[in-house]
1. Near Ser57, within a Cβ-to-Cβ distance under 15 Å, what is the net charge of the other residues, with Lys and Arg +1 and Asp and Glu -1?
2. Over the heavy atoms of Asp18, what accessible area does a 1.4 Å probe trace out, to the nearest 10 Å²?
3. For helix 74-108, what angle does its Cα long axis make with the longest principal axis of the chain, in degrees from 0 to 90 and rounded to 10?
4. With every protein chain in place, what's the accessible area of Phe12 (1.4 Å probe, Å², nearest 10)?
5. Which order do Lys50, Lys2 take by accessible area at a 1.4 Å probe, largest first?
6. If the elastic network links every pair of Cα atoms under 10 Å, which of Ala106, Ala13, Ala87 fluctuates the most in the Gaussian network model of the chain?
7. Is it possible to state the helix-based mean residue ellipticity at 222 nm for the chain, with each DSSP H run of 4+ residues giving -39500 (n - 2.57), the sum divided by total residues, to the nearest 500 deg cm²/dmol? What is it?
8. Looking at the chain, which longest stretch skips every one of the GluC sites (Glu not before Pro) that is in a DSSP loop with at most 13 other Cβ atoms within 10 Å, leaving the sites themselves out?
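The values are calculated or read from the model by the stated rules, or taken from the named source; none is laboratory data. Just so it is clear, the structure is predicted and the values come from calculations on it, not from any experiment. Methodologically, a virtual Cβ is constructed for each residue, glycine included, from the backbone with ideal geometry; neighbour enumeration extends over all protein chains shown. The area values use the complete protein model at the heavy-atom level, side chains included, leaving out ligands, DNA and RNA. Shrake-Rupley method; radii C 1.70, N 1.55, O 1.52, S 1.80 Å.
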Amino acid sequence: SKPEDFAEMMVFAKSATDKLTAVFGTRYVVGNVIDVLYRASGSSMDWAKKALGLKHSYTFELRDQGRHGFVLPPDQIQDTGKETVEAVKEMLRLLNEELVAKKKAAAEENKKVEEPPGFEKVEDVVD
């Protein structure tokens, strides 16, 4: 079954995919693993979401789609890396926006928002 915040997760994923596609025009399918790829239980993505309570947990599949046995051809490695970096940067930007909004709302209520470990370095990546 899909998590309660699936629609919100899809907003992040689609925005990241748009940034990825903008680099070389590569099209990726976005959606639930079961709907897009195949039924798989016990993935690290599921575990991180449930066991650790992470709000955002995603899987990136590389360009190959299995034609080469899931071994990316050498001539696709650098381009895949470049476009994937743009997707990750977009997700970090969105996470940063989310955290800033939470901090602002918490400040208005005189509460403190706990930042995830290492999150103070996100702004360096996003800029």
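1. -2
2. Answer for Asp18: close to 110 Å² accessible.
3. 20
4. Probe radius 1.4 Å; accessible area of Phe12 about 20 Å².
5. Correct descending sequence by accessible area is Lys50, Lys2.
6. Judging by the Gaussian network model, the answer is Ala106.
7. Estimated from H runs of four or more residues: -18000 deg cm²/dmol.
8. Result, exposed sites excluded: 5-60.
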